[in-house]
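Since the structure comes first, as structure tokens, the remarks are kept for the end.
The values are calculated or read from the model by the stated rules, or taken from the named source; none is laboratory data. What you see is a predicted model; the values in this text were computed from it and never measured. Cβ coordinates were reconstructed from backbone atoms using ideal geometry, including for glycine residues, and neighbour counts include every protein chain displayed. When the accessible area is computed, the model is the full protein with side chains, heavy atoms only, and any ligands, DNA or RNA have been set aside. Shrake-Rupley method; radii C 1.70, N 1.55, O 1.52, S 1.80 Å.
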Amino acid sequence: GVPESHLLLEDNSTNTREHPIEALKLPGITGMTPIGIVTSDSHMRRAQREFRRYFSTVRTRPVPRVRYSADWQDFVPNSNTLGASTIFLQEWVGMAWYTILENSSIR
């Protein structure tokens, strides 16, 4: 529902932490520019957290879930749920790492 003329693609970042920083380098974009994030629902929390550090108005829309719904078994590695476990573990590790970076002198 967003006009194509209002869409800008930022493709210089290599991770979630860099994405809002690189987005601010796009022409006409400032921290006051309303920005939308479209990503997987499992990644939404971390992406939203990072963008809110730099933008005052952040709207989020998860892409439709393709395959699975999460339950406790998705966090226990086994041959049937290893893919889902890996995705969720990556998100939690990513959020923990970003918190460590925010609270330290490591940049």
* Asked: If you check every pair at least six apart or on different chains, which have Cβ atoms under 9 Å apart with a residue in the stretch 34-45 that is closer than 18 Å to GLY94 by Cα first and a residue that is among the aromatic types (Phe, Trp, Tyr) and modelled with pLDDT under 85 second?
  -> SER42/PHE88
* Check ASP41 against each of (1) modelled with pLDDT of 85 or more; (2) within 16 Å of VAL58 (Cα to Cα) and name the one condition it does not meet. => (1)
* Kindly check whether there is at least one residue in the stretch 61-72 that is hydrophobic (A, V, I, L, M, F, W, C), at pLDDT 85 or above and in contact with a strand residue (DSSP E or B) (Cβ under 8 Å, 6 or more places away or on another chain). => no
* Please enumerate the residues belonging to the stretch 6-52 that are within 24 Å of PRO64 (Cβ to Cβ), in a loop (DSSP other than H, G, I, E, B) and open to solvent by less than 60 Å² (accessible area, probe 1.4 Å). => GLU10, SER13, THR16, SER40, SER42, HIS43
* Structure fact -> Within the stretch 73-104, residues in a loop (DSSP other than H, G, I, E, B), at pLDDT 70 or above and small (Gly, Ala, Ser) come out as SER104
